[in-house]
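The numbers here are math on the coordinates, done by the rules we state, and not lab data. Here the structure is a predicted model, which means the values were calculated and not measured.
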Ligand code: ATP
Ligand code: MG
């Protein structure tokens, strides 16, 4: 395994994705990306993200950093804004990630059958393997 990207939204499922990344990294570089999304009525416009959302994502990323640090991994922390799935896929391409690890569920309503809408969209567009953790 050479490069791992974890998509993190602070949910329990995403925490398990982090733990899995720590378990399989075996010295490989790990990055964690969190995407601040615009308020729903503003579509995908990255400039319409409210500061509260950015602050929340930053807080989650700090938490992710310490979870990985406890496992002895110094991860690269990546903050993005816009459509979560698009930004996660962009980041995987930019880094040349070999594996994206994410949760099946997130912070959303969780009404979907198998995975949430972000998980679903990443699975369709990812440039690499995707590990989806329940
Ligand atoms: P929905 O958002 O469709 O209501 P959900 O919140 O239950 O459903 P998803 O959002 O698809 O499910 O979450 C699945 C996984 O995608 C999460 O566990 C996390 O790994 C990743 N993810 C979701 N949103 C973000 C985000 N904004 N930034 C980074 N990763 C995310
Ligand atoms: Mg969600």
> Full extension from residue 16 to residue 125: what is 0.36 nm times the residue separation minus their Cα-Cα distance, to one decimal in nm?
Replying inline: 37.0 nm
> Whole-Å semi-axes of the stretch 6-74's equivalent ellipsoid, largest first, each the root of 5 times a Cα gyration tensor eigenvalue?
Replying inline: 27, 11, 10
>> Taking just the alpha-carbon atoms of the stretch 81-134, what radius of gyration and Dmax come out, in angstrom?
In response: 10.8, 32
> In the chain, what percentage of the DSSP-assigned beta bridges are antiparallel, given to the nearest 5?
Replying inline: 0 percent
> Build a GNM of the chain with springs between Cα atoms under 10 Å: which of 105, 80, 23 gets the top mean-square fluctuation?
Replying inline: 23
> Using alpha carbons only, how many degrees (0 to 90, rounded to 10) separate the axis of helix 84-95 from the longest principal axis of the chain?
Replying inline: 40 degrees
> GNM on the chain, C-alpha springs below 10 Å: top fluctuator among 73, 88, 24?
Replying inline: 24
>> Nearest 10 degrees is fine. How inclined is helix 12-25 to the longest principal axis of the chain, computing both from alpha carbons?
In response: 30 degrees
> Taking the Cα atoms only, what angle lies between the long axis of helix 51-70 and the longest principal axis of the chain, rounded to 10 degrees?
Replying inline: 10 degrees
>> Connecting C-alpha atoms closer than 10 Å in a GNM of the chain, tell me which of 39, 123, 61 has the biggest fluctuation.
In response: 39
> What's log10 of I(q)/I(0) for the stretch 4-133 at q = 0.09, 0.17, 0.22 Å⁻¹, Debye sum over Cα points only, no solvent?
Replying inline: -0.22, -0.82, -1.40
> Relative contact order, percent, of the stretch 4-133 when contacts are C-alpha pairs under 8 Å separated by at least 6 residues?
Replying inline: 34 percent
